[in-house]
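Asks: Once you've had a glance at the structure underneath, I'll fire off some questions.
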Amino acid sequence: MSAPEPILVPPPTAPLGVAQAFAKTRYMQGDLLTLLYWRGSFWSWTGTHWSALGNDEIEALIYDFTDDALYRKPGGDTVPWNPNARRVHDVKHALKAVCRAPEELQPPCWLDGRELGPVVPCSNGLLAVDGRELLVHTPLFFNLNSLPYGYDPRADAPAWRDFTGQLWPDDDEPPAVLEECMGCAVAGKADLQRMAAIVGPPRSGKGTIFEVIKNLVGPPHTVSAQLSKLTDDKILVGLLGKSVCLIPDMRDAGRNPQAVAEVLLSITGQDDFTIDRKYKDPYFGPLSPFIFTASNELPSLRDASGALPSRYLPIIMTESFLGREDRTLRSRLLAELPGILNYALDGLDHVIKTGRFTEPKVSAEAAEDLAEMASPMKRFVAEHLAVMPKGGDPAEYIEPIADLFNTHRAWSRDNNEKPISRETFGQRLRAAVPTIKRSQPRGEGGVRIPSYIGVRLLRRETETARAKRHALAKLNERAGGRVRVIEGGGDDNDA
């Protein structure tokens, strides 16, 4: 095998020119650059997707390029470039400018700005979901993952249909929402800000579903994480560029469940993270994996604002196959991945057309339970406070903070909730009822009394009145606050 022909490059004193020669020689497809520097990392196009290059890897590539290179000295002689640590570092630093991509890029997206709707990268091409048209792979599509199998519009999945039919024998809504989530995962669609919460008894099929999801998007594009570790930068770095995050046990949130809840809210909300990375520039930007959680019971992460439960898509399973497991099921399901993809694409179509996920009826009660478990303060508010409606009279909705706090302390004792300080009470009450305001009206003798305007205690409310108030609150929630009660006007004999 003959040695490679030496190439002539700029001298070590011109690292920008060397970086340009490196990119042009090693990373060009036609007139398209196949090496990008984006959000603190180098990314190279593999032919089906863009893959991150480690710090050592990019340095090794520069060493390899410059090891056989020559440069011309001022006198006209050509001499070996002779790479060393300092010279390679300078070229790598200059390469960031040569290959820099805009920070605001959010994959999957087109580098030339075209709009084709959701695209699913498969091994045999780029599948434009709208119309199911298969396009040729191109580095113009900035995607960080691709499916490890080809798209086949005729592929079916009878084992998958039988499996979901056994899990939910009398209900087609849970498998529908599961396939909608899977479709969003393969297409990188995270704008609806939801995550799947699969809940069921042992041996109910949760592990099999996770195995299918992992192989549907491809194991390299999947991360399995412990819930309690989600606050660790090392784990968060591992989520960068992944399609799916699998959390196999939602029961252990560790010592700081509030911080874990905030991370889940930030991931699903597409908020920006600042993550320190060893030997790399810090990453700044959102993390976009679709999150699937599993548990034997409903997750009970505490979130005073009540926002986290609204992000869950509860998928409830009631059947257990303990003692009657099908040992061949997983292999049969994994043989049907192209067919399962077609079901996932159908689910994705539904999400795109309706702008929402299917909400199974069986999950409605679970969603309410999640909200109550996540925010005890919201439960306290619902049981003991009247919140001022829009347009209400503030004079009728004012309560001393001491009375509110003492009532909450007694409620916590009765409900086996951990007691909290007065300051924490104020923070959580504001999170649960953002409309309240602090005030200090004068009481008897002119003494100022620290109070909240916007709520009042329900000291003497009857059960009938409370039921009416709860019903009206639910109607207002559904109708956007437009419901009001008109007293009177009926027959005297009306019940």
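The values are calculated or read from the model by the stated rules, or taken from the named source; none is laboratory data. Every value quoted in this text rests on a predicted model; they were computed, and no experiment measured them. Every residue, glycine as well, gets a Cβ built from its backbone with ideal geometry; the counts of neighbours run over all protein chains shown. Just the protein is used for accessible areas: all its heavy atoms, side chains included, with ligands, DNA and RNA removed. Shrake-Rupley method; radii C 1.70, N 1.55, O 1.52, S 1.80 Å.
Asks: How large is the translational diffusion coefficient of the stretch 36-86 in µm² per second when you combine the Kirkwood radius over alpha carbon pairs with Stokes-Einstein at 25 °C and 0.890 mPa s?
Replies: Values: Rh = 13.0 Å.
Using the Kirkwood radius from Cα pairs, D works out to 188 µm²/s.
Asks: I'm a student and want to see the number: the projected area of the Cα convex hull of the stretch 26-124, averaged over all directions, in nm². Write down the numbers at each step before the final one.
Replies: Numbers: hull surface 34.2 nm².
Across all orientations, the stretch 26-124 yields a mean hull projection of 8.6 nm².
Asks: Please identify the trypsin sites (Lys or Arg not before Pro) of the stretch 126-226 that satisfy two criteria: DSSP loop assignment and at most 14 other Cβ atoms within 10 Å. Which are they? Could the numbers behind the result be given before it?
Replies: Details: sites: Arg132, Arg154, Arg161, Lys189, Arg194, Arg203, Lys206, Lys214; in loops: Arg132, Arg154, Lys189, Arg194, Arg203.
Counting only loop positions with at most 14 other Cβ atoms within 10 Å, the trypsin sites (Lys or Arg not before Pro) in the stretch 126-226 are Arg132, Arg154.
Asks: Let me ask you something else. At 7 Å along the Cα-to-beta-carbon direction for both Trp110 and Asp77, put a label point, then send me their distance in nm to one decimal.
Replies: Inter-label distance under the simple model: 5.5 nm.
Asks: For Met250, Met388, write out the residues from largest to smallest accessible area, computed with a 1.4 angstrom probe and no ligands counted.
Replies: Numbers: Met250 5, Met388 55 Å².
From most accessible down to least: Met388, Met250.
Asks: Would you mind giving the average projected area, over all directions, of the Cα convex hull of the chain in nm² with one decimal? Numbers along the way, then the final one.
Replies: Numbers: hull surface 144.1 nm².
Reported value for the Cα convex hull: 36.0 nm².
Asks: Under 11 Å from the Cβ of Thr293, count the other residues' Cβ atoms, weight Lys and Arg +1, Asp and Glu -1, and hand me the total.
Replies: Taking every other residue near Thr293 into account, the sum is +2.
Asks: Counting pairs of Cα atoms in the stretch 1-68, how many percent are more than 14 Å apart? Could the numbers behind the result be given before it?
Replies: Values: 1468 of 2278 pairs.
Cα-Cα pairs in the stretch 1-68 separated by more than 14 Å: 64 percent.
Asks: Which one, Leu192, Leu135, Ile247, projects farthest toward the positive side of the charge dipole computed for the stretch 124-275 from Cβ point charges (K/R +1, D/E -1)?
Replies: Ile247
Asks: Moving on to the next point. Let's test this: bin the Cα-Cα distances of the stretch 163-272 at 10 Å from zero up to the farthest pair and state each bin's percent.
Replies: Answer for the stretch 163-272: a P(r) of 12, 44, 35, 8, 0 percent.
Asks: Let me ask another. Would you work out which of Leu265, Gly218, Pro121 lies farthest towards the positive end of the dipole of the chain, given +1 charges on the beta-carbon of Lys and Arg and -1 on that of Asp and Glu, about the Cα centre?
Replies: So the residue we want is Leu265.
Asks: Using alpha carbon coordinates only, what is the Rg to Rh ratio of the stretch 68-172, with Rh defined as the Kirkwood radius? Present the calculation step by step, with values, prior to reporting the outcome.
Replies: Values: Rg = 24.4 Å, Rh = 19.0 Å.
Answer for the stretch 68-172: 1.28.
Asks: Still on this structure: Pull up the DSSP beta bridges for the chain and report the antiparallel fraction as a percent, rounded to 5.
Replies: 65 percent
Asks: Between Asp170 and Arg251, what FRET efficiency comes out of the Förster formula 1/(1 + (r/R0)^6) with R0 = 35 Å and r the beta carbon distance, rounded to 0.05? If you can, show how the numbers build up before the last one.
Replies: Details: r = 28 Å, r/R0 = 0.81.
The value I calculate is 0.80.
Asks: What's the FRET efficiency of Asp276 with Glu103 using the Cβ-Cβ distance as r and R₀ = 25 Å, to the nearest 0.05?
Replies: Computed FRET efficiency for Asp276 and Glu103 comes out at 0.90.
Asks: Compute the signed sum of charges (Lys and Arg +1, Asp and Glu -1) over the other residues within less than 10 Å, Cβ to Cβ, of Asp403. Numbers along the way, then the final one.
Replies: Numbers: positive: Arg456, Arg459; negative: Glu399.
With Lys, Arg at +1 and Asp, Glu at -1, the net is +1.
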